[in-house]
1. Would you mind computing the Rg to Rh ratio of segment B:275-364 from its alpha-carbon coordinates, Kirkwood style for Rh?
2. So what is the accessible area of chain A per residue, in Å², with the probe set to 1.4 Å?
3. How much of the accessible area of chain B, probe 1.4 Å, is carbon plus sulfur, in whole percent?
4. I'd like the carbon and sulfur percentage of the solvent accessible area for chain A, probe radius 1.4 Å, heavy atoms only, ligands and nucleic acids excluded.
5. Any idea what the dipole of segment B:47-170 comes to, in debye rounded to 20, about its Cα centre with Lys/Arg Cβ at +1 and Asp/Glu Cβ at -1?
6. Considering Cα pairs under 8 angstrom that are at least six residues apart, work out the relative contact order of chain A and quote it in whole percent.
7. Project the alpha carbons of segment A:109-203 onto their principal axes and report the range along each, largest first, in whole Å.
8. Using Cα positions and a limit of under 15 Å, work out the aspartates and glutamates in reach of A:Lys125, with same-chain residues fewer than 8 apart set aside.
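The values are calculated or read from the model by the stated rules, or taken from the named source; none is laboratory data. Nothing here was measured: the structure is a model prediction, and the numbers come from that model. For neighbour counting, all protein chains shown are included, and Cβ atoms are generated from backbone atoms with ideal geometry for every residue, glycine included. The accessibility values were calculated without ligands, DNA or RNA, using every heavy atom of the protein model including side chains. Shrake-Rupley method; radii C 1.70, N 1.55, O 1.52, S 1.80 Å.
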Amino acid sequence: MIKVKNISKVYGKKRVVNSINFEVNKGEIYGLLGPNAAGKTTTIRMLATAITPSSGEATMANLDLFTQPNEIKLRIGYVAQYFGLYEELSVIENIRFYASLYGIDNEELFHELMKTYKIDHFVNKRSGDLSGGYLRRLALICALTHDPDILLLDEPTAGIDPVTRKVLWDLFYELAQNGKTLFVTTHYMEEAARCNNIAFLNSGNIVAQGSPDEIRHSLSENDVYLLKAKFGSNLVKELDRKEEIRLINQYGEELRFVVNKSLSKEQLHKLIEPYVDEEFELLESSPNLEDVFIALTQEEM
Amino acid sequence: MKSIIPFAKKELIQLKRDPRLIGFLIFMPIMLMILFGYGLRLEPKNVKMAFVDNDKSYFSNLIKTNLWNEGYFELYEVSTKEGIEEEIRKGNAKAGLYIDKTFSKLLTDNAQPHVVFYVDGTMPSLTTAMRNKSSALNDDEVTNDMYFLDEDDTSTVIAAEPFIMDTEVLFNPDEKETWFFLPGVIGVLIMQIALILAGTSVVRERESNTLEQLLVSPLSKVDFILGKMFPYVLISLFEFYFILFIGWSMFEIPIPSSAIGGLVLLSVVYTASMISLGLLISTVSQTQQQAMFLAIFVIIPSILLAGFIFPIEAMHEYIRPIAYMIPFTYFVEIIRGLLIKQTLMTDMIIPFAALTAFSLLFTILSIIKFKRITQ
């Protein structure tokens, strides 16, 4: 559904997106993961035809991004990061306005969508008075009235509570099951884990791509250990310098070590001992997406 | 109390980081100082004066030469007495002089001939100033050579004034200030609506991120701009006729039937020029605040320099060209022409063309700029 080949975006001397490649199949949820300023929004804006890529090739729904942007506009729905809704307009007025841009005037459809997205009790409420979760539902409806094949969602759940986030993801899955192709940017790991396929973008380069499982396995030459004990304050600082230790990540009183296989469990235990007063045990774990994310991001830095 | 200083400091840092605002804070006072210090005067200079000299004598030349030398009037010849009024009606001249062919004969006969001095009454402050300057027409420099003693007949009484100057105020004979101000007020109000409302409209879409959403929709950029401007055009047009109606019903501003066509055309081209300027402001501004400042930056000099309050004829010669770069100048000229001088539309092709050209220029510039910000 989406084919991107060597796409770049250059602003002046700055290469914001550097020759990236990926493919997204119909009915798939594809996640573009990366830290802030990695080029995620630039990428999704190029796919949304809001900006033109500087070079490369790309097709959306078999239409050329460079020569057929106007045809593409009819086949995509885009929800920008700070989705633009008119605060002074009510829920239904926003829907009517955005639908009218596509020549759609179908009150029955609008009400059906509001019902599906459970916003029908706010029909005449000003969108400026809606909470974050409902605003996103409304933005989603506004992007869906013309029944697009591809949905482009830029950070669709940023700043949203976990319950609402789940509700939104259930909706995304439903859309994918109904044959829509979803392209989602995010920096939430658990969100990336929900995608069928993901690409890691860092400083404009795709540094890894595949299914979440495949990505996790990209750290397979490493072991992951958990330390649950009271440790001295300079432990992280001192051990971070060791070459074999790729990553130390702290979660409350728990430390996660991602270490090269060349360093055995016993060796790591010895390294940690001076900083821990009590008896402790290292638990074996498996890499999660965050480990990969931080490891890949640090490599670039 | 303790937190006032750090808070004020933070505000100052924010102000400092907004280059356009600094520009505004620095250039606005400089501009106003220059305008009031050097540019704006109430004393006219180089006022165009159409004359007819049917006498073509040494004496009539004396009058013209003295007028010219004083520097207030710039004389040029027309062929008939009616031609003088026509030139003033068309706005080519602000004053006129008529010397009859019997002038020198009556003068030498001590019969006190009359010379007619015409002034345009549409701008009372200019009218008064021109009247004051008309003394060059019959001061001592001129009249010293005009006393004729008949040695054979010593009983002849020599009049104190060898000739009489008749002043004729054209078009607004009562020199009503409201006739002069009110038509211009229409232009000021439309300028405000267009520059402030339309000026903040595109940038508002940008600030609320709705522009992004529109750009990816099938809405074309031209449709966007036209759709954006249409309501403001309607409001401005309504405003135009509404104030005109008030002026006519409450202040007895004349609306001659000959002016209707011109008024319709004027409302369209002036509104178009202002809305397109507002659009341009909106596309070059990053925030609504900047757009507001830019709008004020345009409105103030427009009001001061357009001949709305201060006559262009009284401006410094370096400032005068700026007046002709302001659309409002042409509006003032046209509306006073149509309503007060009953100038025909066809006699004001240049100001109409200027307004049309401004509209085109501003529209093209804003489309170019808009395309650039959406790349």
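1. For segment B:275-364, the value is 1.02.
2. Details: 14250 Å² over 301 residues.
Result: 47 Å² of accessible area for each residue.
3. Values: 11500 of 18160 Å².
Carbon-and-sulfur percentage of accessible area, whole number: 63.
4. On the way: 6530 of 14250 Å².
The C+S portion of the solvent-accessible surface of chain A is 46 percent.
5. Working: 11 positive and 23 negative charges, 145 e Å.
Roughly 700 debye, rounded to the nearest 20.
6. On the way: 541 pairs, mean separation 61.5, N = 301.
The value is 20 percent.
7. Largest first, segment A:109-203 extends 42, 27, 23 Å along its Cα principal axes.
8. A:Glu87, A:Glu88, A:Glu93
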